[in-house]
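What follows is a single structure, written as C-alpha cells, with notes after it.
The values are calculated or read from the model by the stated rules, or taken from the named source; none is laboratory data. Source: prediction; values computed, not measured. A quick note on method: Cβ atoms are made from the backbone with ideal geometry, for glycine too, and the neighbour counts reach across all protein chains shown. All accessible areas refer to the heavy atoms of the entire protein, side chains included, with ligands and DNA or RNA removed. Shrake-Rupley method; radii C 1.70, N 1.55, O 1.52, S 1.80 Å.
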Amino acid sequence: SSLEGVRDRIIYKLVNYEKNEKLLGDIPHVRFCDLAAVFSLAVDLRNAYQMSAMISNECLERWGIDSETLFGIAAANTQRRFPTSVKTMAEVMREIVSESMGEEQGKDFLDELFSAPQTCPMYVMSNSVGIYGAAVVLYDGELRRLASALGRDLIILPSSVHEVLVIPYNEELVIRDLREMVRHVNESEVPEEEVLSDNVYRYNRDTDMVSVIYDRQQESVPQ
C-alpha cells in the first residue's frame with residue numbers, strides 16, 4: 001500500500017541495539033545511544049503495539065523514503081497517540097498498594113512508608129498505555145520539560161522497554177551503584193525480551209542531548 005494510505009499508522013518503539021543486531025540488519029532503524037528506534041504499522045490503533053506489523057527495508061524502498069524521514073513520521077504519530085505519563089514513585093506506589101491492599105489499609109502502610117524525608121525524588125516515565133513507553137525519551141521536548149521543571153539535568157535508568165525511571169542529577173549520585181542496580185533488576189525482575197539496557201543515561205539541559213554516562217568499556221574507571 002502507498003505511504004499516504006498508511007502514514008498515520010506508523011509508530012516506533014525503542015529496543016536494545018546489540019540484542020537485536022541481527023533483526024536490525026533487515027529493518028529500518030535509527031540509532032539512539034546503545035538503543036535503536038524501530039518502526040511498526042499499527043493494524044488496530046486502539047491496541048497499536050499488540051496489533052502491528054514490523055516495517056521492513058522493502059517497505060521503505062517501495063515508499064521511496066529513508067529511515068530519518070520514517071522517524072519523523074513515526075515520532076509525530078507516536079507522541080500524539082501515546083502521550084507521555086510522568087508519575088512520582090510515590091504515586092506509582094500508591095496505585096499498586098491501594099489495588100493490592102485496599103484504600104484504608106493501603107493508606108496506613110503508605111503514610112508510614114513516606115513519613116521519612118525523601119532523599120532522592122524518582123519519577124516513572126512511560127506513555128499513556130504503559131506499553132513500549134520507554135520511547136517517550138525520544139519524544140520532542142519531553143525530557144527538556146521535566147529537566148526545566150526540576151531545574152536539573154536528568155539521570156535516566158532504563159527500567160524496561162515499557163518505562164524509564166528518572167532522577168534529578170546531583171554530584172553525589174554514585175553512577176556505578178545505579179548501573180549495578182539496573183543490571184541486577186534486569187537480571188532478576190525483567191523478562192529477557194523486555195530488557196532495554198544495562199546502561200545509565202544523562203540528559204544534559206544545555207545541549208538537549210542524552211548520552212550514556214557509564215558503559216561496559218569503562219568498568220574499571222574509578223568514579
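Before moving on, here are some points about what is shown:
- Residue in segment 143-152 that is farthest from Tyr12 (Cα to Cα), counting only those that are touching a residue at least 40 places away in the same chain (Cβ under 8 Å) and open to solvent by 30 Å² or more (accessible area, probe 1.4 Å): Arg152
- Taking residues in segment 159-181 that are farther than 20 Å from Pro191 by Cα and hydroxyl-bearing (Ser, Thr, Tyr), and partners anywhere that are assigned to a strand (DSSP E or B) and open to solvent by 20 Å² or more (accessible area, probe 1.4 Å), the pairs with Cβ atoms closer than 8 Å and at least 6 places apart or on different chains are Tyr169/Arg202.
- Residues of segment 158-189 that are open to solvent by less than 30 Å² (accessible area, probe 1.4 Å), assigned to a helix (DSSP H, G or I) and among the polar types (S, T, N, Q): Asn186 alone.
- For segment 10-37, the tally of residues that are within 22 Å of Tyr139 (Cα to Cα) and either hydrophobic (A, V, I, L, M, F, W, C) or crowded, with 20+ Cβ neighbours inside 10 Å (or both) stands at 16.
- There is at least one residue in segment 62-69 that is in contact (Cβ under 8 Å) with a residue 60 or more places away in the chain and open to solvent by less than 60 Å² (accessible area, probe 1.4 Å).
- Only one of the numbered conditions (1) of a type outside the set (S, T, N, Q); (2) modelled with pLDDT of 95 or more; (3) in a loop (DSSP other than H, G, I, E, B) is violated by Tyr203, and that is (3).
- Any hit, segment 208-217, residues being assigned to a loop (DSSP other than H, G, I, E, B), on the phi < 0 side of the Ramachandran plot and open to solvent by 60 Å² or more (accessible area, probe 1.4 Å): no
- Among the candidates Arg31, Arg81, Arg94, Arg62, residue that is farther than 28 Å from Pro168 by Cα, of a type in the set (Lys, Arg) and at pLDDT 65 or above: Arg62
- Scanning segment 14-26 for residues that are within 10 Å of Val38 (Cβ to Cβ) and either in a helix (DSSP H, G or I) or at pLDDT below 95 (or both) yields Asn20, Leu23, Leu24.
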